[in-house]
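Below you'll find the structure, written out as structure tokens, and then a few comments.
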Amino acid sequence: MGVAVPGPGETVRLEVLSAYGTEVHGFSLGVTEKGSIFYDLELSGDAAAEPADTKKAAADSARVAAPSACSDNIMLPWAWEDFDYYEWYVGDGGMPAALSQAAAATAFKDAINNITGGYNDCGIADTIDAGHRYMGTSSFEADLDNKGNCTPRDKQSTWDAGDLQSGWLAATCGWTTNRGGSEDLIEADVRYNTTDHDFTNDPTSSCTAHYDVRAVGTHEAGHVFGLDHAPSGHDNLTMAPGIGPCDKSARTLGRGDMRTLEAIY
């Protein structure tokens with residue numbers, strides 16, 4: 001994984017959602033206004049080290065051992081500060097679950113609304129002051145390549161689908177300005193990995209090896225709005241670093257997800 005070095009006064013952050021959550025990937029790199037480079041790497045596990053069924057068993061065991069979503073009160077780390085509105089587009093080309101651009105836009109909106117609207121089953125009132133605007137379709141693409149790199153930003157936040165590293169379900173590249181002592185988002189792109197994984201818009205009882213578009217999107221929208229991954233032992237939160245096939249529980253925020261969003265917004 002890597003990033004194209006941003007301009008002075010900017011930081012770029014790459015966050016990866018993996019299948020099952022047995023690997024954790026995150027990398028940020030910034031440049032001060034005077035040109036000094038700083039970085040942070042979050043990396044554990046090996047995507048090729050174990051077969052998928054072993055990874056799934058480990059992930060299932062971790063979720064059973066972890067606190068329930070509504071009892072997990074951990075404060076999650078976050079990467080940047082609050083901003084007014086996230087304006088985003090749907091790119092061209094194929095979409096997850098073979099959705100049309102219009103249907104994909106609806107699914108992505110639902111996912112983002114889960115974050116900005118604080119959607120939860122824990123009885124927690126929504127006090128999150130965050131919003132977004134869907135700006136329509138675009139010929140632009142998310143600024144990610146198939147080698148796991150954030151490429152130079154094109155100044156437009158785009159959600160799309162394409163090729164990523166094989167163990168990755170989706171990834172987010174977010175750019176912030178670090179001028180003035182705070183991290184303010186200026187662009188965030190999201191890509192689903194439709195080359196190596198299948199997705200579904202509505203998991204049913206017959207679902208086997210497809211990943212839920214909205215669950216994945218809610219997790220990625222969490223990154224867009226600044227949330228980092230939940231640490232090990234907190235595997236039932238939306239921001240846990242992995243999602244299993246047919247699992248749509250990440251659509252619904254846990255107490256720790258909500259608590260952290262409320263602290264930022």
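The values are calculated or read from the model by the stated rules, or taken from the named source; none is laboratory data. Only a predicted model underlies this, so the values are computations on that prediction, with no experimental measurement involved. Ideal geometry is used to build each Cβ from the backbone, glycine not excepted, and the neighbour counts take in all protein chains shown.
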* From Gly217, Gly242, which residue is closer than 25 Å to Leu144 by Cβ, touching a Ser or Thr at 6+ places or on another chain (Cβ under 6 Å) and among the small types (Gly, Ala, Ser)? -> Gly242
* To do: For region 137-172, name all the residues that are among the basic types (Lys, Arg) and either under 18 Å from Val224 (Cα atoms) or in contact with an Asp or Glu (Cβ under 9 Å, 6 or more places away or on another chain) (or both).
  => Arg153, Lys155
* Residue in region 79-103 that is farthest from Gly222 (Cα to Cα), counting only those that are touching a helix residue (DSSP H, G or I) at 6+ places or on another chain (Cβ under 7 Å) and in a helix (DSSP H, G or I) -> Ala97
* **Matching entry among Thr200, Thr208, Thr218, Thr204 (being β-branched (Val, Ile, Thr), closer than 25 Å to Tyr119 by Cβ and surrounded by fewer than 18 Cβ atoms within 10 Å (Cβ to Cβ))** => Thr204
* What is the residue count in region 156-168 for residues that are part of a strand (DSSP E or B) and at pLDDT below 95? -> 1
* Quick one: in region 8-53, which of the residues that are of a type in the set (Ser, Thr, Tyr) and modelled with pLDDT of 65 or more is nearest to His234 (Cα to Cα)? -> Tyr20
* Pull up region 93-112, narrow it to residues that are out of contact with any Ser or Thr (no Cβ under 9 Å at 6 or more places or on another chain) and not aliphatic (A, V, I, L, M), then point me to the one that is farthest from Ala188 (Cα to Cα). => Ser100
* Asked: Any residue at all in region 180-199 that is in contact (Cβ under 8 Å) with a residue 60 or more places away in the chain and within 10 Å of Cys246 (Cα to Cα)?
  -> yes
* To do: Filter region 7-41 for residues that are surrounded by fewer than 22 Cβ atoms within 10 Å (Cβ to Cβ), in a loop (DSSP other than H, G, I, E, B) and of a type outside the set (Asp, Glu) and give the result.
  => Gly7, Pro8, Gly9, Thr32, Lys34, Gly35, Ser36
